[in-house]
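Q: Take this structure first; my questions come after.
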Amino acid sequence: MPFVVSRRSKRPSNSHLQTIDELEVCPEIQFQPDPLQQQILDSPAKQLLLCCSRQWGKSAVIARKALQFAQTTPRARILIASASLRQASALLDYIADVTTEPKRKGDRLVFPNGSRITALPQAPKTTRGLTAHVLIIDEAAFVKDELFESLTPVLGSTNGYLWVLSSAGEERGFFYQIYTEKTPGWQIFKATAEDCSRISKEYLDRERVIRGEQRFRREYFCEFQTGRQQFTSREVIEACFDMSYKQERIPIDYGT
């Protein structure tokens, strides 16, 4: 059975039926996830990481997962952070687009059951003192470590859920570290453009030409890349400190 999110608000059993005009304005939106998206929707993991191709649907999945949590958990507090308030608000807009149940109050959605979903600015000093049942970090590969470190304590008293999602970025930061080191306690999902039937080969061929191979593979194939200020990859640097590495001596023929 497909995961369905309705744009109709829940009404008491004795309320009036919606008019035809209301149904036209608020049609039911059916989201039919692919198998991997369904795994994410069904996952009970406390800590989720999604490293996905652009346009794979990671925002759609997390938006619906957050919406379901807010609707089924009275007085839930869900926080959304990103590299900017605009980006955090974009995910909030996505949720608002598929339901008319909550009221929009600035950068916050307020549900009839008391649940709230709030978009946060990228300002670590202003995020202290908050409490949440779910913390979502969108475009996490481009979020500063300082913000991540200031936000995770919001889950302390609730033992809440931490969901981070992004396309690939540079070989640094908390998102890259969790993804590459397979940090214990995390359920990690990876989805490239090849895993998405909605992205055509024709489109990818155009993007490869426009972006160049390196940027193309970062955006669509989850390949992290060396930053502008970093001239040597992390793997090469770590190999320099690997005491088990044995240098091979190669004899040189001097032609004598």
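Q: Scan the range 42-58 residue by residue and report those that are modelled with pLDDT under 95 and either assigned to a helix (DSSP H, G or I) or among the hydroxyl-bearing types (Ser, Thr, Tyr) (or both).
A: Lys58, the sole residue that qualifies.
Q: Check Val61 against each of (1) free of Cβ contacts under 8 Å to residues at least 40 places away in the same chain; (2) surrounded by 19 or more Cβ atoms within 10 Å (Cβ to Cβ); (3) of a type outside the set (Gly, Ala, Ser); (4) not in a helix (DSSP H, G or I) and name the one condition it does not meet.
A: So Val61 meets the others, but not (4).
Q: Every residue in the range 116-134 that is within 19 Å of Val61 (Cα to Cα) and either of a type outside the set (Val, Ile, Thr) or modelled with pLDDT under 85 (or both), please.
A: Within the range 116-134, Arg116, Ala119, His133 meet the criteria.
Q: I'd like to verify a number: residues in the range 120-160 that are part of a loop (DSSP other than H, G, I, E, B) and closer than 24 Å to Glu219 by Cα, how many?
A: Adding up the residues that qualify gives 4.
Q: Given the conditions (1) modelled with pLDDT under 95; (2) within 17 Å of the chain's Cα centre (by Cα); (3) buried (at least 18 other Cβ atoms within 10 Å of the Cβ), report the number of the one that Lys182 does not fulfil.
A: Single failed check for Lys182: (3).
Q: Run Gly57 past the list (1) in contact with a helix residue (DSSP H, G or I) (Cβ under 8 Å, 6 or more places away or on another chain); (2) more than 30 Å from Arg211 (Cα to Cα) and report the number of the one that doesn't hold.
A: Among (1) in contact with a helix residue (DSSP H, G or I) (Cβ under 8 Å, 6 or more places away or on another chain); (2) more than 30 Å from Arg211 (Cα to Cα), Gly57 violates only (2).
For (1) in contact with a strand residue (DSSP E or B) (Cβ under 8 Å, 6 or more places away or on another chain); (2) of a type outside the set (Gly, Ala, Ser); (3) more than 18 Å from Leu91 (Cβ to Cβ), each residue gets a yes or a no:
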| residue | (1), (2), (3) |
| --- | --- |
| Asp107 | yes, yes, no |
| Ser115 | yes, no, no |
| Pro121 | no, yes, no |
| Ala132 | yes, no, no |
| Leu147 | yes, yes, no |
| Asn159 | no, yes, yes |
| Ser166 | yes, no, no |
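The values are calculated or read from the model by the stated rules, or taken from the named source; none is laboratory data. Quick caveat: nothing in here was measured; it's all calculated off a predicted structure. Here Cβ is always computed from backbone atoms with ideal geometry, including for glycine, and neighbour counts include all displayed protein chains.
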